[in-house]
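Notes follow once the structure below has been shown.
Read-outs: derived from the displayed coordinates by stated rules, not from any lab. All of these numbers come straight from a predicted model, not from anything done at the bench. All Cβ positions, glycine included, derive from the backbone under ideal geometry; neighbour counts span all protein chains shown.
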């Protein structure tokens, strides 16, 4: 059965300040049981804490994250340098999924560089599959740019046939595509979905005042950028029921709430809001095995 959970990236500052176990306790109290791990340092302390949360709190780890390579001196783990450690972490945390959050920027320099990345990630996908672990790629909007008549996302799918995918609904929408149709197109290679809403924001009073006073730069900055926002599930423009149903029909095992920014709203309030909307759509049984909240 597919499960709905949250992306821990949203709580990385809380983990840094409070530790992983107290944060996962709060996650459980907020009504979630499934997490995806990203931008959380995979130190022994954090991995052991997540292990303990599996046993003591019933927290399920949907997937952990990785990169193909990292710059010299980086503390981040990579598949190039820490392949076996990734396998160990996945097994300790009870997940069979690893995901890559973004291609390296060097892959955007030329078609040849992109194809080199695709070949590299396909090799890792094959090696992980031999160990019973799938490797998924998470999209942003840049993957909907076209080269040689096809989007980068489709080019990656063609060039890396062993790779699985994590489709982010907000970035699909921002890339000019339809989330429901995209999820249908990825039927059979879809493991993960990001539930991230897409909000068109009204200009605040200070932005309108700036325009009236002749400050067109401030107004233009909002109009060209900040008018599009990340939103709590149900507080944006996406029609979530058919999107979620299509994600599940296309094979997604985990659908994770993610919100890159909350614009001053407390993240726990944002998560509770997203949960309430999903419950109102009839998805509570996918979120928690507990009672009503």
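Rounded to whole Å, give me the distance from the Cα center of the range 1-31 to that of the range 121-155.
27
In deg cm²/dmol and to the nearest 500, what is the mean residue ellipticity at 222 nm of the chain if only DSSP H runs of at least 4 residues count, each as -39500 (n - 2.57), divided by the residue total?
-13000 deg cm²/dmol
Could you give the distance between the Cα centres of the range 259-291 and the range 163-187, to the whole Å?
Answer, in whole Å: 21.
Take the eigenvalues of the Cα gyration tensor for the chain, scale each by 5, and report the square roots as semi-axes in whole Å, largest first.
Values: eigenvalues 167, 134, 78 Å².
So the equivalent ellipsoid measures 29, 26, 20 Å along its semi-axes.
Normalised by the number of residues in the chain, what is the relative contact order in percent for Cα pairs under 8 Å and 6+ residues apart?
Numbers: 475 pairs, mean separation 56.3, N = 293.
Once normalised by length, the contact order is 19 percent.
Give me the percent relative contact order of the range 1-124, please, defined on Cα pairs under 8 angstrom at least 6 residues apart.
Details: 145 pairs, mean separation 25.6, N = 124.
Answer for the range 1-124 is 21 percent.
Using r as the Cβ-Cβ distance of residue 241 and residue 289, and R0 as 22 Å, what FRET efficiency do you calculate, to the nearest 0.05?
Details: r = 21 Å, r/R0 = 0.97.
For R0 = 22 Å, the calculated efficiency reads 0.55.
Between residue 201 and residue 92, 0.36 nm times their residue separation minus their Cα-Cα distance comes to what?
On the way: separation 109, 0.36 × 109 = 39.24 nm, distance 4.22 nm.
Computed gain between residue 201 and residue 92 is 35.0 nm.
Assuming 0.36 nm per residue, please report the length gained on full extension of the stretch residue 44 to residue 184 beyond their Cα-Cα distance. Let's see the in-between values first.
Values: separation 140, 0.36 × 140 = 50.40 nm, distance 3.87 nm.
Computed gain between residue 44 and residue 184 is 46.5 nm.
Grab the beta carbon distance between residue 80 and residue 261, set R0 = 22 Å, and tell me the FRET efficiency rounded to 0.05.
According to the calculation, E is roughly 0.10.
Given R₀ = 30 Å, what would the calculated FRET efficiency be for residue 209 paired with residue 141, taking r from the Cβ atoms and rounding to 0.05? Please report the intermediate quantities before stating the final value.
Values: r = 31 Å, r/R0 = 1.03.
Computed FRET efficiency for residue 209 and residue 141: 0.45.
Quick check on packing: order 196-204, 36-44, 254-262, 215-223 by the mean number of other C-beta atoms within 10 Å, highest mean leading. Walk me through the intermediate numbers first.
Working: 196-204: 15.9, 36-44: 17.7, 254-262: 22.2, 215-223: 14.0.
Order by mean packing, descending: 254-262, 36-44, 196-204, 215-223.
Just order 72-79, 120-127 by mean Cβ neighbour count inside 10 Å, highest at the front, would you? Let's see the in-between values first.
Details: 72-79: 12.8, 120-127: 18.2.
The peptides rank, most packed first, as 120-127, 72-79.
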